[in-house]
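Colleague: Sending over a structure as structure tokens; questions will come in a sec.
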Amino acid sequence: MSPRISLSSALAGVAVCAALALFAGDWLLGVAVLVLLAGVQLVWTDDGLFVLPAAYAFHWVETSIGLVYKGVFDRDVPALSLSDYRPMVLISLGCCLAMAIGVRLGLSLIKDRDPSGLRPEFAFPLGELVVAYLVTTSFEGTLVSVAAEYPTIRQILVTADTARLGILFLLLRRLLRPAPRWAPITGILVLEVGLGLTGFFAGFREPLVLAGLALLEIFDRRSVRHWVALAIAGVAAVGFGLLWMGVRGEYRRNYVQLDTFEKSRSARLESMETLALDFFKGDLESTWQTADNLVDRMWPIYYPALAVARVPSQLPHTNGEILSAALVHIVTPRVLFPDKPGLQSDSDKVRKYSGVMVAGVESNTTIAFGYAAEAYIDFGVPMMFLPVLGFGIAIGALYSLFGQLIRHHDIHVAFATVAFWLSMYLFERSWATMLGVTLGLMVYLGAPVVLLDRFLLRRSLRQQELLDAPLSDGRTSGAY
């Protein structure tokens, strides 16, 4: 269960929110921060892991970063001036709170039936983790590339590729115990950031998040090194985010247009180095403009806000059509139904409900619309919050269930961190994507992990039985 909050702590939280609202001159920012504090409290777990609070916090960031940016730095982004953003922000915060309440309810549904059962701390020695990491990293991105050629098993291949993140997390976690080994940890993160910056998408984010979550498990508030490491991870995440936003346009054009790019990582690395040097030579105003673009990209409120203004005054609610189509889509996997039709793209929804002719599939582009806007279009307020609550309950119950099923502590931590971060952290996802990603991770990654855990557990028990077996002279083999 989450830690109890005293009356004094609750009043202090409300006072902080009120102070922020007064400082920014916007009551909505105070409400947003209050939802953040309440939500983190609701999704907090007592197992020493921080993945659910971290995923919820990032989810919240995508609902409110524009408000924070405006309140702290007095910088505008398009949604603030070009739309009536407040109703959509309130709807988004309602979704965050509904999800957090659902997670808390789901966590309480399933209790550990065998809390004193065998729970080994480690499943693999460090050497095996290093080998597994090197092997999986050498094939980094290969499964995703192959998946595009085999659409019937695409979800399976993409989900299997995320297993590499689990191995990465296991390795980082082991290098932090019993005492942090900063040199190899830094080397691994430099490699991971390099791989992420030379891909088509921002693949550097997950390794930094995983490193931060691994550090939080052993975080000592009295250790200066721990504070420095956490600060470096945070600054690196923001810095690389700015760099990526500043260079991604030209980098992606090169990626698409130049044949050498896709086949040569060294060519991509050289291009990224050149673009990065040019970016860092820019003046302060260009850096601020890049920050504006980054915040605008991370705050997917503009098009949903336009849709809220048009539904139901110009277009009627759909009475669940979008959610129903998403549910049908995820329960009819393409591996069993290869001829099933595709879903309506997010760009098409933006065009229809926001009234803006954005780029679409004809230009290989999808504009994020998000589950919150879809829920509003389907049901309106307040019924739209019920499916969000249901998703939160499912997340909480699955978190508790896999915590029971996976007995090796390190395997459980790695699976929970990767699977539930990827399932929950993005606010901008459509229902179909969010439900599909979650189901894929639980089935295609969770089930094999449970089987592996049971195999290793039984092997350990057999080895222990052999050690304890009596010899002819009455002693046990373990005596030697």
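Colleague: Going through segment 365-396 one residue at a time, which ones are open to solvent by 10 Å² or more (accessible area, probe 1.4 Å), of a type in the set (G, A, S), within 18 Å of the chain's Cα centre (by Cα) and at pLDDT 95 or above?
Modeller: A394
Colleague: Do you know which residues across segment 215-231 are of a type in the set (A, V, I, L, M) and surrounded by 15 or more Cβ atoms within 10 Å (Cβ to Cβ)?
Modeller: Passing the criteria: L215, L216, I218, A229, L230.
Colleague: Here's another thing I want to ask about it. Looking at (1) out of contact with any Pro (no Cβ under 7 Å at 6 or more places or on another chain); (2) crowded, with 16+ Cβ neighbours inside 10 Å; (3) aromatic (F, W, Y), find the lone condition where F23 falls short.
Modeller: (2)
Colleague: Further question: V335: modelled with pLDDT of 85 or more, open to solvent by 40 Å² or more (accessible area, probe 1.4 Å) and farther than 30 Å from R253 by Cβ, yes or no?
Modeller: no
Colleague: Looking at segment 65-87, I want the residues that are touching a residue at least 24 places away in the same chain (Cβ under 8 Å) and have a partner that is open to solvent by 90 Å² or more (accessible area, probe 1.4 Å) and part of a helix (DSSP H, G or I) with Cβ atoms under 9 Å, at least 6 apart or on another chain. Which pairs are those?
Modeller: Pairs that qualify, where the first residue is touching a residue at least 24 places away in the same chain (Cβ under 8 Å) and the partner is open to solvent by 90 Å² or more (accessible area, probe 1.4 Å) and part of a helix (DSSP H, G or I), are G71/F23; V72/F23.
Colleague: Then there's this: Under the condition of being more than 19 Å from A163 (Cα to Cα) and part of a loop (DSSP other than H, G, I, E, B), which residue from segment 179-214 is least open to solvent (accessible area, probe 1.4 Å)?
Modeller: Taking the candidates together, the pick is T198.
Colleague: May I pose another question? Take segment 69-83 and flag every residue that is open to solvent by 50 Å² or more (accessible area, probe 1.4 Å) and within 20 Å of V35 (Cβ to Cβ).
Modeller: Hits for segment 69-83 are K70, V72.
Colleague: Exactly one condition in (1) modelled with pLDDT of 85 or more; (2) within 15 Å of the chain's Cα centre (by Cα); (3) closer than 18 Å to V449 by Cβ is false for G212; which is it?
Modeller: Condition (3) is where G212 drops out.
Colleague: Additional query: Condition test on V16, is it at pLDDT below 90, part of a helix (DSSP H, G or I), over 22 Å from W431 (Cβ atoms) and open to solvent by 50 Å² or more (accessible area, probe 1.4 Å)?
Modeller: Criteria met by V16.
Colleague: Further question: Check segment 34-48 and report whether any residue there is touching an Asp or Glu at 6+ places or on another chain (Cβ under 8 Å) and farther than 15 Å from A100 by Cβ.
Modeller: Looking through segment 34-48, at least one residue is touching an Asp or Glu at 6+ places or on another chain (Cβ under 8 Å) and farther than 15 Å from A100 by Cβ.
The values are calculated or read from the model by the stated rules, or taken from the named source; none is laboratory data. Since we're looking at a predicted model, the values are computed, not measured. Positions of Cβ are backbone-derived with ideal geometry, glycine not excepted, and every protein chain shown enters the neighbour counts. These area figures cover heavy atoms from the full protein model, side chains too; ligands, DNA and RNA do not enter into them. Shrake-Rupley method; radii C 1.70, N 1.55, O 1.52, S 1.80 Å.
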